[in-house]
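Notes to accompany the following structure.
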């Protein structure tokens, strides 16, 4: 019931709008007009009637005849009886209130003393006496370039993204509650994170808040203030999705039993002095990410008086370098895909649906309510209650296919930010390994190199300590407590390779059992099957073997050249599919004959000028992607003919140059680009209506790092666009794009001496 003490306080407005959105969400809604003095519901809905509640009450009209369908499509919204009005407009306004004033946020910022120097590429170099000062400066600079993304990340982590994005974001908000993110933060934030780490997290938030206070027009309802808890929660929430937890959740909801893990892209290579032509230690950092969004790379250089001095890639919403280098060492990350999540099918008590069987006894499911606040329009929010269930296994998903419990690596682990921070500040291999031993990052490969000439590869994971015997890759019975693992294998059990005699380590989202030369490779028999270690080889991994792996004396030029390799290996899945397409019987099919003739001329390369690549890519990529992700594989004949038809329709020929099709677009720049899906020069395109492919992911931030025999550091980088992620008016919105397309880099001015003479703008965000 919606009521108020006085007239004109919004009863009708609230009731009508909430009822409308409930109807649009698929509910049948009956709205009762109880104001017999001045009824306004009908007027608001654009309807009038001489019959209503009073006629029903005195017995002159059957209640069903008083029902008036509204204009809301496929939904009856009668003006008679309310069964689902859940909240008041006042509640919406309370949720959207600014919890602190802009003046207070500006005042908080005065506690930090920081200098930001933007170099000629717009990259922020941030200096401060304390780590927290530097984190504050990074938060401010990052917000200058990408505030909207940081804000979206923060709201998503809070489970509040639907407040600004509407119903489409509500499932993600529900997952935040399902995974118990904020109860974990409340319990563990001060307990598990040292004061210094919390200070850095809060300082980054303070920097973002200062920018938001200065630009209130960009701020979404309930976004302020960002807090250190938001930063910590980000690691807890996002880390499991890198090894495929999102896919597991989706598969459970769809009723699929097989838990398929599908890694995304990234390359990492390290070469020891003995493998280099000039005695230099070299590292390639080459993560493949979306070009924009919550996991798009942001480049910065940080230097504090407390020894935090790093350069490399950062994600929106986090103050810590995720991959790159400090003066002494560096690392690259690639995504790995061990089996780190288990799904259990629960047996539900037929006499009590809130109980499940465990070890022969009925146990109560823990039940709580998550309120999802969904934007309607204007300031109005709809509070939607959703039940959250947990068992002893972990979160429970109740689906049409049954009830399933989930247990996954990193569940309730809040120290991910702490571990990354310690990696940032490690000064040698021992300190770096000690940071990794914290075991708070659930997955990811690490390719390591340092100034002392050490190189190494770590297939990192929080590997569940599972009992031997069961097939852990399928849905497990939920009634046996012995299947509910309680801890993790020690860090030293993870596959790892340090300073192999070959002087070479690499990974491209492939098996850890091919991470160096054959003689140095790890052996699968040394690791239990319960770890679920992947055995796949990507084309990129094969080409790493065929380029870096075939060269015993790698120069700087060759190290760069191999990274931009454009070739598909003859051992690759793409090559196999091409051969299968060429073997198809064409008979009298002239279109197929023409397509096969064109495809037969392809040399398995993806340079812009190549006139056979377009057909090969359009034909094979859907097949490769479906095969690798265990989805239904398109018919080969149909895929080849569809590719040929698309090219003839949009380009008038079967052999347009690859550069005509493969494009990278930013602002008013629309450029041809080399590379393709799963080449070392990775470019992932999205089809546009004109038949071209717009690059949306793949190679993004790339960093080359080297230390000579004296330990002198040099690094060069490139970003696919520039430092200004969202500001189209900025000169740095797309200033790196031409270099990126030509596969060139720019220097990283890591020290203040190197930066001198290359500063375009210098300032303090809080006026100090």
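With a ≥ b ≥ c the root eigenvalues of the C-alpha gyration tensor of the stretch 526-625, is it rounded (a/c under 1.5), prolate (a/b larger than b/c) or oblate?
Verdict is oblate for the stretch 526-625.
Under 8 Å for C-alpha pairs, at least 6 residues apart: give me the relative contact order for the chain, rounded to a whole percent. Spell out each step's value before the answer.
On the way: 1639 pairs, mean separation 105.4, N = 768.
Relative contact order here is 14 percent.
What 222 nm value per residue comes from the helices of the chain, counting each DSSP H run with n ≥ 4 as -39,500 (n - 2.57) and dividing by all residues, nearest 500 deg cm²/dmol? Please list the in-between numbers first.
Details: 23 runs with 230 residues, N = 768.
Computed mean residue ellipticity for the chain: -9000 deg cm²/dmol.
Which order do 708, 430, 230 fall in if you start with the one that has the fewest other Cβ atoms within 10 Å? Working shown, then result.
Details: 708 15, 430 9, 230 22.
Final ranking by Cβ density, sparse to dense: 430, 708, 230.
Sticking with the crude label model, points 7 Å out along Cα→Cβ, report the distance from residue 761 to residue 28 in nm, one decimal please.
Roughly 6.0 nm, to one decimal.
Once R0 is set to 25 Å, what does the formula 1/(1 + (r/R0)^6) return for the Cβ-Cβ distance between residue 250 and residue 645, expressed as a FRET efficiency to the nearest 0.05?
Details: r = 32 Å, r/R0 = 1.26.
The calculated FRET efficiency here is 0.20.
Compute the helix-to-body angle for 573-582: its Cα long axis versus the longest principal axis of the chain, expressed 0 to 90° and rounded to tens.
Here the helix axis deviates by roughly 90 degrees.
Averaging the inverse of every distinct alpha carbon separation and then flipping it gives the Kirkwood radius. What is it for the stretch 573-679, in angstrom units?
Numbers: mean 1/r = 0.0706 Å⁻¹.
Its Kirkwood hydrodynamic radius stands at 14.2 Å.
Could you state the number of Å between the C-alpha centres of the stretch 542-572 and the stretch 159-196?
About 43 Å separates the Cα centre of the stretch 159-196 from the one of the stretch 542-572.
Mind jotting down the distance between the C-alpha centroids of the stretch 686-738 and the stretch 331-372, whole Å?
The stretch 331-372 and the stretch 686-738 have Cα centres spaced 41 Å from each other.
Measuring from label point to label point, each 7 Å out along Cα→Cβ, what is the residue 357 to residue 637 span in nm?
For residue 357 paired with residue 637, the spin-label model returns 5.0 nm.
Where a ≥ b ≥ c are the square roots of the eigenvalues of the C-alpha gyration tensor, would you call the stretch 356-446 rounded, which needs a/c under 1.5, or, failing that, prolate if a/b is larger than b/c, or oblate? Kindly include the intermediate steps, with their values, before the conclusion.
Numbers: a/c = 3.66, a/b = 1.51, b/c = 2.42.
Oblate.
Where a ≥ b ≥ c are the square roots of the eigenvalues of the C-alpha gyration tensor, would you call the stretch 325-373 rounded, which needs a/c under 1.5, or, failing that, prolate if a/b is larger than b/c, or oblate? Before the final figure, lay out the partial values.
Values: a/c = 4.40, a/b = 2.40, b/c = 1.83.
Cα axes put the stretch 325-373 in the prolate bin.
Take the eigenvalues of the Cα gyration tensor for the stretch 689-768, scale each by 5, and report the square roots as semi-axes in whole Å, largest first. All intermediate terms of the calculation are to be shown ahead of the outcome.
Details: eigenvalues 156, 93, 18 Å².
Values for the stretch 689-768, descending: 28, 22, 9 Å.
Which ordering of 198, 543 is given by a fewest-first count of other beta-carbon atoms within 10 Å? Walk me through the numbers before you get to the answer.
Values: 198 19, 543 24.
Starting with the residue having the fewest Cβ neighbours, the order is 198, 543.
Taking the 0 to 90 degree range and rounding to the nearest ten, how far is the long axis of helix 636-651 tilted relative to the main principal axis of the chain, both from C-alpha atoms?
90
Between residue 191 and residue 431, what length in nm is gained on full extension when 0.36 nm per residue of separation is reduced by their alpha carbon distance? Write out the running numbers ahead of the final one.
On the way: separation 240, 0.36 × 240 = 86.40 nm, distance 2.31 nm.
So the chain would gain 84.1 nm between residue 191 and residue 431.
Students often check this: by mean Cβ neighbours within 10 Å, which of 357-364, 473-480, 749-756 ranks highest, and how do the rest follow?
Working: 357-364: 12.9, 473-480: 16.9, 749-756: 15.4.
Sorting 357-364, 473-480, 749-756 by mean packing, highest first, produces 473-480, 749-756, 357-364.
Using alpha carbons only, how many degrees (0 to 90, rounded to 10) separate the axis of helix 181-192 from the longest principal axis of the chain?
Helix 181-192 and the main axis of the chain meet at about 60 degrees.
Counting other C-beta atoms within 10 Å, which of 238, 28, 746 has the fewest, and how do the rest follow?
Working: 238 20, 28 12, 746 17.
Arranged by neighbour count, lowest to highest, 238, 28, 746 become 28, 746, 238.
Taking R0 as 60 Å, what's the FRET efficiency between residue 629 and residue 65 from their Cβ-Cβ distance, rounded to 0.05?
Values: r = 55 Å, r/R0 = 0.92.
Calculated transfer efficiency: 0.65.
Given a Förster distance of 51 Å, report the FRET efficiency between residue 100 and residue 603 from their Cβ-Cβ distance, rounded to the nearest 0.05.
Values: r = 62 Å, r/R0 = 1.21.
About 0.25, to the nearest 0.05.
What distance in nm separates the two pseudo spin-label positions at residue 347 and residue 480, each 7 Å out from Cα along the beta-carbon direction?
Each label point is offset 7 Å from its Cα along the Cβ direction, giving 1.2 nm.
Since every read-out is calculated from the coordinates, none of them should be taken as a lab result. Being a predicted model, the structure only gives us computed values, none of them experimental. FYI the Cβ positions are ideal-geometry reconstructions off the backbone, even for glycines, and counts take in every protein chain you see.
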